[in-house]
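Engineer: Before we start, here is the structure in question, set down as structure tokens.
The values are calculated or read from the model by the stated rules, or taken from the named source; none is laboratory data. From a predicted model like this one, the values you see are computed outputs, not experimental measurements. Cβ sites come from the backbone with ideal geometry, for glycine too, and all protein chains shown count toward neighbours. Calculation scope for accessible area: heavy atoms of the full protein, side chains included, ligands and nucleic acids excluded. Shrake-Rupley method; radii C 1.70, N 1.55, O 1.52, S 1.80 Å.
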Amino acid sequence: MKHAAMAHSAHVDTFCLENLPPADLWPERRFDRVPELAYPARLNCAAELLDAAVAAGHGDRPVFHFPGGHWTYHDLLVRANRIANVLVHSIGLVPGNRVLLRGFNNPMMAACWFGIVKAGGVVVCTMPMLRTRELEAIADKAEVSIAFTDHRIAAECRQAMATHANGAPRARSRVVEFGADVPHSLELMMVHQPPTFANCDTSAEDIALIAFTSGTTGEGKGTMHAHRDVMAITDCFPRYVLKPGADDVFCGSPPFAFTFGLGGLVLFPMRVGASAALLEQASPPQLLDGIVNFRATTVFTAPTAYRAMCAQLAGRDLSSLRHCVSAGEALPRATFDAWLAATGIRIIDGIGATEMLHIFISAAGDDIRPGSTGRVVPGYEARVVDADGKPVPPGTVGRLAVRGPTGCRYLHNLERQRAYVRDGWNLTGDSYLCDADGHFWYQARTDDMIISSGYNISGPEVEGALLLHPAVQECAVVGLPDEERGQIVSAFVVLRDASARSDALARDLQAFVKREIAPYKYPRRVTFVDALPRTATGKLQRFRLREEHRA
Ligand code: 3UK
């Protein structure tokens, strides 16, 4: 038996237990720093967030608003129960099976999330813009055999579930579409199922979701989170920093597949009996319309969106808005100031990570120091360390180390596990300084990840797509500083035939990348060069491209 946890697990399918890192590589997870984290040994987070909310009398209150209506907590419970019954009785899910979820932020997506977790399944939520290639890689890594997909974007999901990334057929996979009464749709299957469900009696330590992050190596990494971790994020940042109430209306742009969105738009409102307005498309003007139309009080989005919205406020009534949360990348001081001037609201910055599930450093109200990310969130500990992992004095730049109830457990990736977790602390890959008052000031990413408009984009992954184009000899993709987006994806391309250089070819390369991988990853800047800087051993020197650009 690999882990003591196995003895108490409800997982019949032991894939997650088998593929967790060995316990000596786990970060230290502490549940004793705030009293709310003392969860029972048997815990199903879906039951805790949904069944318990109805039992507490929230059944008739709205949980999700959408254009044209709302669902109450009771509506959501009945749907989630029927979906759990479909999974167990029609599809044959056994606890521990991974279920891929593909769709836009809407109530049915959330109902699927709860249905899977109630049944003891493990949610693998994916962003709607991912393409077949990326879905295949995720389905391979998480060994997914069941997928729920929005019917509007079902084709790529069906393709990905039919074959492995290496082209071999995927055995015994099942894809169910939702969102329309198409033949064999999830909705039609639900009709035949009862509205009640006996929730899977999971251990608090059983894995509830695998969230994928785009890694520096170009390959997305799966991060595994237990039922207890899901509850813990609801009892730290929101409880101690945001402090929402049952009348709050949450709204925002991050997709559920990004744990920033899952927390901010589903878990956090539900923990306090509040509601969320779900937007399928949430570009800055659409998010503003959402805030106005649903009288949102609390918004979750990225710094670039706040910056863009500043210019679009005229004629819009934002008087409902009270709390604005920013995460995903550093919040520039200029954006904080512009939003404050335009709305009178001080943005709550917060740093989180997929590995940590949600925000662990933040500040609200009078505790905000503009330009600083904030102080460690109650429940967590954070410090700045040197290359040896030793704490550095206040005011010194170093690497950010954090630990608390949640932490990094990569799916089947010991190399990355050893790099992220050292001496029980999670190293996020960010350089920070902490001042004498305990405020943390972001400096930079310590690795090569490109962060553009709040999205983490891996340069090597974009390179991989470009290299599939017949005109490309070799290429390097780096992030270059950009006013609007923080960084922009910039490709340096060596052509097979240098005389083919043209603006038309640059545009063709961009369109090509958009077809190969999620469109947001495409290089907004394409520069043709004769050669790329390399070390004597042939390794690409990305930092030199960035330096050359600066010079
Ligand atoms: C960077 C920030 C400066 C930082 C996330 C809130 O972003 C989230 O998760 P990811 O795995 O990326 C993690 C990395 O993004 N970052 C995030 N927030 C900030 N840098 N200031 C910030 N406020 O490099 C971090 O290591 O995509 C954020 C909640 C859940 C999340 N998953």
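Engineer: By accessible area of protein heavy atoms, probe 1.4 Å, what ranking do Lys243, Lys514 get, highest first?
Structural biologist: Correct descending sequence by accessible area is Lys243, Lys514.
Engineer: Which order do peptides 18-25, 280-287, 226-233, 314-321 fall in by mean Cβ count within 10 Å, highest first? Intermediate results must be reported in sequence, preceding the final value.
Structural biologist: Details: 18-25: 15.4, 280-287: 16.9, 226-233: 26.1, 314-321: 11.9.
The peptides rank, most packed first, as 226-233, 280-287, 18-25, 314-321.
Engineer: Would you mind working out the accessible area per residue for the range 77-211, using a 1.4 Å probe, and quoting it in Å²?
Structural biologist: 34 Å²
Engineer: Just report the Cα centroid separation between the range 174-240 and the range 470-510, whole Å.
Structural biologist: With the range 174-240 and the range 470-510 each reduced to a Cα centre, they are spaced 38 Å.
Engineer: With a 1.4 Å probe and every protein chain kept in, tell me what percent of the accessible surface of the chain is carbon plus sulfur. Write out the running numbers ahead of the final one.
Structural biologist: Numbers: 10930 of 21290 Å².
The value for the chain is 51 percent carbon and sulfur by accessible area.
Engineer: Moving to a separate point now. Any idea what the relative contact order of the range 192-344 is, in percent, if you count C-alpha pairs under 8 Å spaced at least 6 apart?
Structural biologist: That works out to 17 percent.
Engineer: Evaluate the charge dipole of the chain about its Cα centre and quote only its size in Debye, nearest 20, assuming +1 on the Cβ of each Lys and Arg and -1 on the Cβ of each Asp and Glu. Don't jump to the answer; show the numbers that get you there.
Structural biologist: Working: 56 positive and 59 negative charges, 87 e Å.
It works out to roughly 420 debye.
Engineer: Ok, one more. Please list Met129, Met161 in order of solvent-accessible area, largest first, computed with a 1.4 Å probe with all protein chains present. Before the final figure, lay out the partial values.
Structural biologist: Values: Met129 50, Met161 5 Å².
The residues order as Met129, Met161, largest area first.
Engineer: Moving on. Please report, in whole Å³, the volume per residue of the convex hull around the C-alpha atoms of the range 139-270.
Structural biologist: Spelled out: Cα convex hull of the range 139-270, divided by residues, is 180 Å³.
Engineer: Can you give the net charge of the other residues whose Cβ lies under 9 Å from the Cβ of Val402, counting K and R as +1 and D and E as -1?
Structural biologist: +1
Engineer: Additional query: Counting Lys and Arg as +1 and Asp and Glu as -1, each charge on the Cβ, what is the dipole of the range 451-549 about the Cα centre in debye, to the nearest 20?
Structural biologist: 140 debye
Engineer: Using the per-residue mean of other Cβ atoms lying within 10 Å as a proxy for protection, in what order, highest first, do the peptides 55-64, 524-533 fall?
Structural biologist: Listed from highest to lowest mean packing, they are 55-64, 524-533.
Engineer: When all C-alpha to C-alpha distances in the range 276-369 are sorted into bins of 10 Å, what percent of pairs does each bin hold, rounded to whole numbers?
Structural biologist: Bin by bin from 0 Å, the calculated values are 16, 52, 30, 3, 0.
Engineer: Find the centroid of the Cα atoms in the range 287-357 and in the range 52-87, then give the distance between the two in whole Å.
Structural biologist: Cα centroid to Cα centroid, the span is 28 Å.
Engineer: Regarding the range 451-549, what are the three Cα extents along the principal axes, ordered largest first, in Å?
Structural biologist: Reported extents, whole Å, longest axis first: 34, 31, 20.
Engineer: Given the C-alpha centroids of the range 401-426 and the range 123-147, what is the distance between them in whole angstrom?
Structural biologist: Taking the Cα centre of the range 123-147 as reference, the centre of the range 401-426 is 23 Å away.
Engineer: Please report the accessible area of His412 (heavy atoms, 1.4 Å probe, ligands and nucleic acids excluded) in Å², nearest 10.
Structural biologist: In the full protein context, His412 sits at about 140 Å².
Engineer: FRET efficiency for Ala531 and Leu313, Cβ-Cβ distance as r, R0 = 56 Å, nearest 0.05?
Structural biologist: The calculated FRET efficiency here is 0.75.
Engineer: Continuing with this model, one more query. Counting residues in the range 4-433 as N, plug N into 2.2 N^0.38 Å and put the Cα Rg over that result.
Structural biologist: Against the empirical 2.2 N^0.38 Å value, I get 0.94 for the range 4-433.
Engineer: May I ask which of Lys221/Lys514; Lys118/Lys221; Lys243/Lys521; Lys221/Lys521 have a Cα-Cα span longer than 28 Å here?
Structural biologist: Pairs exceeding the cut-off: Lys243/Lys521.
Engineer: Using only alpha carbon pairs under 8 Å that are at least six residues apart, calculate the relative contact order of the range 451-549 and give it in whole percent. Mind showing how you got there, number by number?
Structural biologist: Values: 157 pairs, mean separation 27.6, N = 99.
Computed over the range 451-549, the figure is 28 percent.
Engineer: So how much accessible area does Cys408 have, in Å² to the nearest 10, using a 1.4 Å probe?
Structural biologist: Surface accessible to solvent at Cys408 totals approximately 0 Å².
Engineer: What is the local net charge at Ile368, summed over the other residues whose Cβ is closer than 11 Å to its Cβ (Lys, Arg +1; Asp, Glu -1)? Mind showing how you got there, number by number?
Structural biologist: On the way: positive: Arg346, Arg369, Arg375; negative: Asp349, Asp366, Asp367.
Spelling it out: positives minus negatives among the neighbours equals 0.
Engineer: Also, quick follow-up: For the chain, what's the relative contact order in percent, using C-alpha pairs closer than 8 Å and at least 6 residues apart?
Structural biologist: 13 percent
Engineer: Between Glu18 and Ala511, take the C-beta separation as r, use R0 = 56 Å, and let me know the FRET efficiency to the nearest 0.05. Walk me through the intermediate numbers first.
Structural biologist: Details: r = 42 Å, r/R0 = 0.74.
So the FRET efficiency works out to roughly 0.85.
Engineer: If we sort 177-190, 344-357 on the protection proxy, mean other Cβ atoms within 10 Å, highest first, what's the order?
Structural biologist: Averaged packing, sorted descending, gives the order 344-357, 177-190.
Engineer: Ordering Phe104, Phe440 from largest to smallest accessible area (1.4 angstrom probe), what's the sequence?
Structural biologist: Phe104, Phe440
Engineer: If the chain between Lys390 and Gln541 were fully stretched, how many nm would it gain, using 0.36 nm times the residue separation less the Cα-Cα distance? Provide the component values of the computation, followed by the final result.
Structural biologist: Working: separation 151, 0.36 × 151 = 54.36 nm, distance 2.88 nm.
Net length gain for the segment: 51.5 nm.
Engineer: Across the Cα atoms of the range 173-241, what radius of gyration and what greatest pairwise Cα-Cα distance (Dmax) are found, in Å?
Structural biologist: Over the range 173-241's Cα set, Rg and Dmax evaluate to 17.6, 47 Å.
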